Amino acid sequence: MTMLAIVHAMPTREKAASAESTRFDGLSDALLDWYSAHARDLPWRIGPAQRAKGIPADPYRVWLAEIMLQQTTVPHAARYFEAFTRRWPTVVDLADAADADVMAAWAGLGYYARARNLLKCAREVVERGDWPRTETGLRELPGIGAYTAGAVAALAFNQRAPAVDGNVDRVFARLLAAKGEWKAEKAVIASLVRDLVPADRPAEFAEALMDLGATICTPKRPNCLICPVRSWCAAQAEGEPERYPIKPARKAKPLRRGDVYVVLRSGDVMTQTRPQNGLLGGMLGLPTSDWLEDGTPEKPDWLPDSARPIGEVRHVFTHFELQLSVFRLTSGTVPGNPGWTPVDDAEKALPSVFRKALKLAF
DNA sequence: AAGGCGGGGGG
DNA sequence: CCCCCAGCCTT
């Protein structure tokens, strides 16, 4: 039977993957060679030397790091990783933690649904007795999507799973010089990377691809001169690697305005835990007016007519920008049953927008 | 399929 | 100022 006949007999999807895999023959080996000398030393990783000695990764630390790193830079996540693992060294410790303690510890890291799902996930793992060890098993846990399931399966359990994050998308957008609609190109890349994962070293392959994207195939000014996979790169051949990936334009962020009230009473500040769902869900907050794109937000009844803002803070959220007028008030005028938090604690437990307001009041 | 959901650092 | 980053979930 001729080679052509064999290929012809294969199902269409395998034929396509086979063709792409052939185009990248040798890439995995070149990448792994580079990685053995240039791996980043990160607190949640075991290094190539340790892995070679058979030292296993800690699934708890791998998982915690991957959750923190979702849409978050390494230096920012690293500070929180150190604090979390010092305070809660195991998944059992984390599962036993009080919700408010975990939310406060996450304050400033953003995307607070991650912290709510973190606790849910830890408690599910403790309930079931251990971590799922496969990509599909991990994918069922709260807060674990396609990327994180593949990353934990590969990094913690050395399963043959792909970990396709923004770095890997960018690397392969350039290798392929992907010019199509970005959504479709990402699907092509996901399928291709799955086929390229070497059976014997999936963890190192995942880490190597991410390190390449983070240190060489960077968003701006990629360092193609020292790139170990340069000879496979269509974008480099074209001469404008920075042109890729080609993503859709993003929408402008509207500006919303409102008031925030820093109400002080003998070392405490008035606080309220925000609703579990929605913006800053489950986090400690300061009282505010509504936030409106048009018009003037209504003042609360208890706010004295004479009250004047002491300044303004601006903050950029994912889909809008916020400008808040900051009022500084002393107790005695506020009805109802507000919560009060020592100012020193509030400084640490509040998300960034409210930290800015609190800081302005001192 | 599209939109909600943080925050910070780099060019 | 702009850009984007180790994404996930809901509707």
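The values are calculated or read from the model by the stated rules, or taken from the named source; none is laboratory data. No experiment lies behind these values; they were computed from the predicted model shown. Note that we place each Cβ from the backbone using ideal geometry, even for glycine, and neighbour counts take in every protein chain shown. Note: accessible area is taken over every heavy atom of the protein model, side chains too, but ligands, DNA and RNA are not part of it. Shrake-Rupley method; radii C 1.70, N 1.55, O 1.52, S 1.80 Å.
Would you mind computing Rg(Cα) / (2.2 N^0.38 Å) for region A:255-360, counting N as its residues?
Working: Rg = 13.2 Å, N = 106, 2.2 N^0.38 = 12.9 Å.
Output field value: 1.02.
Tell me the net charge near A:Tyr112. Cut-off is 12 Å between Cβ atoms, A:Tyr112 excluded, with +1 for each Lys or Arg and -1 for each Asp or Glu. Please report the intermediate quantities before stating the final value.
Values: positive: A:Arg114, A:Arg116, A:Arg274; negative: A:Asp99.
Here the charged neighbours net out to +2.
Between the Cα long axis of helix A:74-87 and the first principal axis of chain A there is an angle of about 70°, rounded to the nearest 10. Note the angle between two axes, namely the Cα long axis of helix A:27-38 and the longest principal axis of the Cα atoms of chain A, as a number of degrees from 0 to 90, rounded to the nearest 10. The angle comes out at about 50 degrees.
Nearest 500 deg cm²/dmol is fine: what mean residue ellipticity at 222 nm does chain A get from its DSSP H runs of n ≥ 4 alone, each adding -39,500 (n - 2.57), divided by its residue count? Could you put the intermediate results ahead of the total?
Values: 17 runs with 168 residues, N = 362.
Mean residue ellipticity, 222 nm, calculated: -13500 deg cm²/dmol.
Once the cut-off is 17 Å, how many percent of the Cα-Cα pairs in region A:29-134 end up in the long-distance tail? Tail of P(r) above 17 Å: 57 percent of Cα pairs. Summary value for region A:166-236: 48 percent relative contact order, contacts being C-alpha pairs under 8 angstrom separated by 6+ residues.
Only bridges whose two residues both fall in chain A count here: according to DSSP, what percent of them are antiparallel, nearest 5? Please list the in-between numbers first.
Numbers: 16 of 26 bridges.
Bridges in chain A that DSSP calls antiparallel: roughly 60 percent.
By the rule of a C-alpha distance below 20 Å, with chain neighbours fewer than 8 residues away ignored, the lysines paired with A:Lys348 are A:Lys356, A:Lys359. Protein-only accessible surface at a 1.4 angstrom probe places the residues A:Lys253, A:Lys183 in the order A:Lys183, A:Lys253, largest first.
Any chance you could give the angle, 0 to 90 degrees and rounded to 10, that helix A:166-176 forms with the longest Cα principal axis of chain A? The angle comes out at about 40 degrees.
Surface composition of chain A: carbon and sulfur atoms hold 51% of the protein heavy-atom accessible area at a 1.4 Å probe. Candidate cross-link partners of A:Lys53 among the aspartates and glutamates, defined by an alpha-carbon separation under 18 Å and a same-chain spacing of 8 or more, comprise A:Asp33, A:Asp41, A:Asp200, A:Glu204, A:Glu207. For the peptides A:88-99, A:291-302, A:254-265, A:307-318, the ranking by mean Cβ contacts within 10 Å, running from highest to lowest, is A:254-265, A:88-99, A:307-318, A:291-302. Calculate the tail of P(r) for region A:71-114: the fraction of all Cα-Cα distances greater than 15 Å, expressed in %. Summing the P(r) tail past 15 Å for region A:71-114 gives 43 percent.
For A:Lys183, give me every one of the lysines with a C-alpha distance below 20 angstrom, ignoring sequence neighbours fewer than eight places off in its own chain. Correct list for A:Lys183: A:Lys247, A:Lys251. In terms of its Cα atoms, chain A spans 90, 45, 36 Å along the principal axes, sorted from long to short. Under 5 Å between amide hydrogens, built in the peptide plane, is the criterion, and for A:Arg256 it picks out A:Glu321, A:Leu322, A:Gln323 among residues at least 5 positions away or on other chains. Accessible area per residue for region A:8-243, computed on protein heavy atoms with a 1.4 Å probe, is 48 Å².
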